[in-house]
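What follows draws every value from the coordinates through simple rules; no lab data is involved. It should be emphasised that the depicted structure is a prediction, and the values quoted were computed from it without experimental measurement. Every residue, glycine among them, receives a Cβ derived from its backbone with ideal geometry; neighbour counts consider all protein chains shown.
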Amino acid sequence: MKHYLIRCSFVLCLLLTFSFQNVFAQQSYSSLYISISDALINTKQDNDTKAQKALEQFASDWALVETKETEQQQKVTAAFDAAMSSATKEQRLQAISTLSNELRALEKLENPVDEAAQRKEFEQKFTPVMQQFELALASKDLTQINEAYTEFNVKWNKNERPIREQSVAMYGQIETQMAFLRITLASENPDMATIQSQYDSLKQTITDFIAGKETAELVEGDYSLQSLIDYIDEASDFIEKQQFDEAAGQITEFITIWPSVEMEISTRNGSLYTKIESKMPLLVSELMKATPDTNKVTKQLEQFKTEIQLVQENNDYSFWDSALILLREGLEALLIIMALVAFLEKSGQPHMRKWIYVGAGSGILVSAVTAILMLTLFNSATVNTNRELLEGYIGLIAAAMMIGVGIWLHNKSSVASWNAYIAKQMNHAISKQSVFAMAFISFLSVFREGAETLLFYAGIAPKMELSQFVLGIFVALVILIVFAIVLFKVSGKIPVHKFFAVATVLIYVLAFKIIGVSIHTLQLTGKISTSVIDGFPVISKIGFYPTLETVLGQAVLLVLVIGTILYKKRK
């Protein structure tokens, strides 16, 4: 087990070194925008606890920001304070919106932009694209028009940024108008007059933006990712009832509110953002045909729903997860120490007990120092931009170690195995009458558990509320104290091997959850692909996400567990 820990620690060091190779790069506010988005989503869903957590994360990241624009920095801070002190949902939503605007204003001050020049540049780049589409319209050739629209869409995606940054309302209106134009082009019998009218409206909005006019209004409403899911559910219900016009209407409403919530997806899953923008209008067109392919539409809607839920679903850990880790590791260390002391008693060496306690105390001290260093590292600016990647990778390392711990526990879950383990550790030290060896065995027993605990916590702590994390540790400490008192009084009577059998099951269950959550985190960062499995629900409480990648990762764990059980039975 010791060699296993050393190897895993070495791998962790390599991973951290690789992750920090781009440290102190250009300052990025992406993590701040993600926190703002989280706070906005959870406030809309009346989840005050998670909204508060997101704002606390913003505060932590904001404290690391260094800027010469002190006046605007104060405005961001004031907007944040207003969000934290908001008494109502409406006040908080307004304050979070202001916070986002003030942060964007700070970015503009740090990277000055001439908006008029931006609009002029957009005009120069996009005018030829519109002229090409107009020539295709004049030809009334649908093949040419569709080809021209494809080019129009590609160029828009490449050049949309200045519009999105200067006017959310104008950007949203253009996106919606383009979607409606695509719906018409993809319909069974496209009406040229409708296409011309839709393009004229689109062209007017673009022309107004170039002229610096604000002629669009933000879509009113309290919309969130749940709103998108609701529209998908309603559309699916209408399809099931063969009411295709109504279903198309629900998807059209989805498209209308999409610009209001798209950032909540684009910041977490860029590929999903692109798929929704390109495929949703086509679903409306399909439903408007005389004989729509309902299976195709339903399947696509179901996939979009699942992928949105994967972004939306909470993958946090509870205080029980925090408590279980410390409880399992602490109980093992405590049992080993008590077993070492009992072995000394039986061997006629009671005078050496104090060195067991000295070694244990040293192990606790070194573990605590290591914990402080790790927390400092994970809250430093060097990790800020890579935090989600580290959460995913270190979570997988923690799960790998848990599998190793589980296998080790499984092998000690018989009286003979446990006694042999203790005897092997102690006979060597007693044979040498070595005080150092005696203390070192105790130190390694405690520090090994402490190091494992730190790695496990590194895998789950970033996804936990601080209160839940602390509560879990407190509960585990109380249980450990009670257990220690009982153990001292009834030493030798507790069936230690049965404890290990139960602990083995618990550690495998937690490893199952950590594997799912960690792979899901890497999927959201785009480091691992997302292949949705139809027909399965998202169960975030146990870390189950219906994607091929997460299921394969958890299947590997199950195979190892079954293999360990069969191997032990054969022995």
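Restricted to Cα atoms, region 26-72 shows a radius of gyration and a Dmax of 12.0, 36 angstrom.
Pairs of C-alpha atoms in region 68-215 farther apart than 26 Å represent 42 percent of all such pairs.
Are any of the pairs K44/K120; K140/K279; K120/K275 more than 28 Å apart by Cα-Cα distance, and if so, which?
On the way: K44/K120 37 Å; K140/K279 24 Å; K120/K275 30 Å.
With Cα atoms farther than 28 Å apart: K44/K120; K120/K275.
If you model region 238-313 as an ellipsoid using its alpha carbon gyration tensor, with each semi-axis the square root of five times an eigenvalue, the axes come out at 23, 12, 10 Å, biggest first.
What does the C-alpha gyration tensor say about the overall shape of region 155-258? Classify as rounded when a/c is under 1.5, otherwise prolate if a/b is larger than b/c, or oblate. Could you put the intermediate results ahead of the total?
Numbers: a/c = 2.64, a/b = 1.41, b/c = 1.87.
Oblate.
The order of the peptides 549-562, 178-191 by mean Cβ neighbours within 10 Å, most packed first, is 178-191, 549-562.
For the pair region 192-213 and region 27-54, the centres of their Cα atoms are 35 angstrom apart. Put a plus charge on the Cβ of each Lys and Arg, a minus charge on the Cβ of each Asp and Glu, and nothing anywhere else: the dipole of region 113-221 about its Cα centre is then about 240 debye. Across region 70-131, how large is the tail of the calculated P(r) beyond 16 Å, expressed as a percent of all Cα pairs? Beyond 16 Å sits 59 percent of the P(r) for region 70-131.
Packing-wise, with mean Cβ within 10 Å as the measure, how do 236-248, 50-62, 108-120 rank, highest first? Each step should come with its number before you reach the end.
Working: 236-248: 16.3, 50-62: 19.5, 108-120: 11.8.
Going from most to least packed, we get 50-62, 236-248, 108-120.
When peptides 532-542, 167-177, 201-211 are sorted by average Cβ neighbour count within 10 Å, with the highest value leading, the order is 167-177, 201-211, 532-542.
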